[in-house]
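Trainee: My questions all concern the structure below.
Derivation of every value follows stated rules applied to the coordinates shown; laboratory data play no part. Just so it is clear, the model here is predicted, and its values are computed rather than measured. Glycine gets a Cβ as well: all are built from the backbone with ideal geometry, and neighbour counts include every protein chain shown.
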Ligand code: GLN
């Protein structure tokens, strides 16, 4: 199994590390590769879009000719996982808490609506114990300038919710082999969510 991590900016090597540990734990022969150029997309069984800054990641993916072929591949069934900024890149509809509708290069392959920076700025970062459909026990969610998932249309489905300032918002969603999280599972050392996604791929 060969899984790519989109490698322009953000938590790239954290995901590479989590993938390697997840392969070991699942007992699969896996390879984690960093994707920067269109050629790097060849032969992938899945791709992770890390957290960071979604505008930067999107602009670079577009400029380097990766955005369009990657969208085609995902529309044709390539599994993808997007964390934080990565979830924004996957989303079909994006707003920003601060500036409203914003035009930025996106893949737009998941039927979810997200609001960027929903939980505030860097200094308002926080952690929360989450319940996630398909995982036993709680999962520590690390939220850093994270988006909220405000809605999902079938076949997308929200699999984790968080009550924030009295409002119930989605913080993880799936759509077939696509997984989006508002938070950063790569920063916890807990590989269960990566394993959950890799199991979706293996099927
Ligand atoms: N706020 C960032 C964005 O809008 C995402 C932050 C993150 O990935 N930690 O792209």
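Trainee: Let me know the Rg and Dmax you get for region 27-110 when you use only its Cα atoms, in Å.
Mentor: 13.1, 45
Trainee: Determine the relative contact order of the chain: mean sequence separation of Cα pairs under 8 Å and six or more apart, normalised by residue count, in whole percent. Intermediate results must be reported in sequence, preceding the final value.
Mentor: Numbers: 461 pairs, mean separation 38.1, N = 203.
Reported relative contact order: 19 percent.
Trainee: Here's a follow-up. Is region 74-203 rounded, prolate or oblate when judged by the Cα gyration tensor, a ≥ b ≥ c being the square roots of its eigenvalues, rounded requiring a/c under 1.5 and prolate requiring a/b larger than b/c?
Mentor: Details: a/c = 1.67, a/b = 1.10, b/c = 1.52.
In terms of gyration-tensor shape, oblate.
Trainee: Also, I was wondering about something else. Could you list 83, 55 so that the one with the fewest beta carbons within 10 Å of its beta carbon is first and the one with the most is last? It would help to have the intermediate numbers written out before the result.
Mentor: Details: 83 31, 55 18.
In increasing order of surrounding Cβ atoms, one gets 55, 83.
Trainee: Would you mind classifying region 1-140 by shape? Square roots of the alpha carbon gyration tensor eigenvalues, ordered a ≥ b ≥ c; an a/c under 1.5 is rounded, otherwise it is prolate if a/b is larger than b/c and oblate if not.
Mentor: Values: a/c = 1.74, a/b = 1.11, b/c = 1.57.
Oblate, since a/c reaches 1.5 and b/c is not below a/b.
Trainee: Counting other beta carbons within 10 Å of each residue's own, what order do 161, 197 fall into, fewest first? Write out the running numbers ahead of the final one.
Mentor: Numbers: 161 16, 197 25.
Exposure proxy ranking, most exposed first: 161, 197.
Trainee: Now, a different point. Using 7 Å Cα-to-Cβ label points, what is the residue 72/residue 34 separation (nm, one decimal)?
Mentor: If labels sit at residue 72 and residue 34, their model points lie 2.6 nm apart.
Trainee: Related question: Most mobile of 103, 22, 125 per a Gaussian network model of the chain (Cα springs, under 10 Å)?
Mentor: Among 103, 22, 125, the largest mean-square fluctuation in the Gaussian network model of the chain belongs to 103.
Trainee: Please work out whether region 126-203 counts as rounded, prolate or oblate from its C-alpha gyration tensor, where a ≥ b ≥ c are the square roots of the eigenvalues and a/c under 1.5 means rounded, while otherwise a/b larger than b/c means prolate and anything else oblate?
Mentor: Oblate.
Trainee: Counting helices only, and only those DSSP H runs with n ≥ 4, report the 222 nm mean residue ellipticity of the chain as the sum of -39,500 (n - 2.57) divided by its residues, in deg cm²/dmol to the nearest 500.
Mentor: About -7500 deg cm²/dmol.
Trainee: Moving on. What residue among 29, 15, 184 shows peak mean-square fluctuation when the chain is described by a Gaussian network model with Cα springs under 10 Å?
Mentor: Of the options given, 29 has the highest mean-square fluctuation.
Trainee: What's the long-distance tail for region 107-170, i.e. % of Cα pairs beyond 21 Å?
Mentor: Numbers: 513 of 2016 pairs.
Beyond 21 Å sits 25 percent of the P(r) for region 107-170.
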